[in-house]
There are 2 protein chains.
Amino acid sequence: MSDHSVAPVVPVEAYEPPYYVAVFTAVRTQDQSGYGETNERMEDLVKDIPGYLGMDYAQNPGGLAITVGYFRDAEALAEWRYNAEHRAAQKRGQAEWYESYSLHVAKVERSHGFVRARVPQGPATG
Amino acid sequence: MSDHSVAPVVPVEAYEPPYYVAVFTAVRTQDQSGYGETNERMEDLVKDIPGYLGMDYAQNPGGLAITVGYFRDAEALAEWRYNAEHRAAQKRGQAEWYESYSLHVAKVERSHGFVRARVPQGPATG
């Protein structure tokens with residue numbers, strides 16, 4: 001795949017507070033059977049929640065994974081929290097996929113974003 | 001290096017709310033000259049802040065990096081925010097190291113932790 005067909009990675013923007021973040025930090029087990037499918041399903045489901053603002057994800061190879069979900073208000077977050085499929089996935093996560101995790105649900109009081117000014121370039125090649 | 005000399009990766013724990021999280025999501029530039037030294041210095045500095053609770057970090061290879069700092073209260077966070085060396089590092093980050101970033105500062109209202117029960121094992125070998 002050539003580089004120019006890949007959208008550039010950009011973090012979820014800094015919205016105008018207040019909004020909510022759910023910070024999920026996890027170390028996974030060695031047996032990840034079924035994790036990929038469930039994770040994809042969860043990503044699809046959460047997008048249908050009114051007030052869902054986006055998600056950032058990063059994982060150190062073989063190590064800690066951090067997921068940050070962004071929600072407009074407590075109602076949006078509650079709808080995701082109590083979603084039945086999400087609940088079932090959490091139970092399976094505890095039983096199979098996670099060695100340890102922490103969840104921090106927090107109300108954003110201040111936010112700030114930065115994007116580097118672009119230097120004009122010729123058309124991509126390759 | 002043998003495995004048993006490496007401490008297991010564990011996320012920062014879920015403290016009793018309220019406390020603060022600072023979520024910093026960033027995409028770095030190609031030229032990272034000086035970043036490593038500055039980052040190490042910042043990690044040393046923040047540990048001296050009374051009320052600093054810990055930090056989680058993950059980066060997708062070549063992509064998004066997420067840093068989450070945890071602080072006991074707004075005063076601890078403010079002390080870090082206004083630290084002169086930290087301010088200087090932020091300016092250099094905008095000038096050199098970051099393509100884009102978002103910062104979300106939030107007060108934790110709910111937290112939850114999970115650690116898998118350990119199966120007893122024999123002594124490590126290797």
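Laboratory data are not the source of any read-out in this text; all were calculated from the coordinates shown. Everything numeric here is computed off the predicted structure, so don't read it as measured data. Reconstructed Cβ throughout: ideal geometry from the backbone, glycine too, with neighbour counts over all protein chains shown.
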statement: Pseudo-spin-label distance residue A:41 to residue A:92, built 7 Å along Cα→Cβ, given in nm, is 0.4 nm
Centroid-to-centroid separation of the stretch B:32-96 and the stretch A:3-44 [C-alpha atoms, Å]: 22 Å
Partner chain coverage, peptide A:52-61 - average Cβ within 10 angstrom: 4
statement: Copies of residue A:117 compared via label points 7 Å along Cα→Cβ give distances in nm, shortest first, of 6.1
- prompt: When you look at the Cβ of every residue in B:9-22, what mean number of other chain Cβ atoms sits within 10 Å?
  reply: 5
task: Over 32 Å between C-alpha atoms is what I'm after, so list which of A:91/B:91; A:91/B:47; A:107/B:47 land there.
output: A:91/B:91; A:91/B:47
message: I want to verify the translational diffusion coefficient of the protein assembly as shown in µm²/s; compute it with Stokes-Einstein, Rh as the Kirkwood radius over Cα pairs, at 10 °C and 1.306 mPa s.
response: 81 µm²/s
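In which sequence would A:42, A:55 go, from the one with the fewest C-beta neighbours within 10 Å to the one with the most? Before the final figure, lay out each step's value.
Numbers: A:42 19, A:55 16.
Least to most surrounded, the residues fall as A:55, A:42.
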- request: Sort the following peptides by mean Cβ neighbour count (other Cβ atoms within 10 Å, averaged over residues), highest first: B:7-18, B:84-95.
  value: B:7-18, B:84-95
query: In peptide B:23-30, how many Cβ atoms from other protein chains are near each Cβ within 10 Å, on average?
result: 5
message: For residue B:13, place a label point 7 Å from Cα along the Cα-to-Cβ direction in every copy; what are the distances to the other copies, in nm, shortest first?
response: 3.9
query: Expressed as an acute angle from 0 to 90° and rounded to the nearest 10, what is the orientation of the C-alpha long axis of helix A:35-47 relative to the principal long axis of chain A?
result: 70 degrees
task: Starting from a label point 7 Å past Cα on the Cβ side, list the distances from residue A:45 to the same position in the other copies, nm, shortest first.
output: 4.3
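Within a Cβ distance under 11 Å of residue A:55, other residues only, what is the Lys/Arg minus Asp/Glu net charge? Don't jump to the answer; show the numbers that get you there.
On the way: positive: A:47; negative: A:43, A:56.
Summing Lys/Arg as +1 and Asp/Glu as -1 gives -1.
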Under the Debye formula (equal points on every Cα, no solvent term), log10 I(q)/I(0) of chain A at q = 0.10, 0.11, 0.19, 0.21 Å⁻¹: -0.41, -0.50, -1.16, -1.30
field: Computed over the stretch A:19-108: relative contact order in percent, which uses C-alpha pairs under 8 Å that are six or more apart
entry: 52 percent
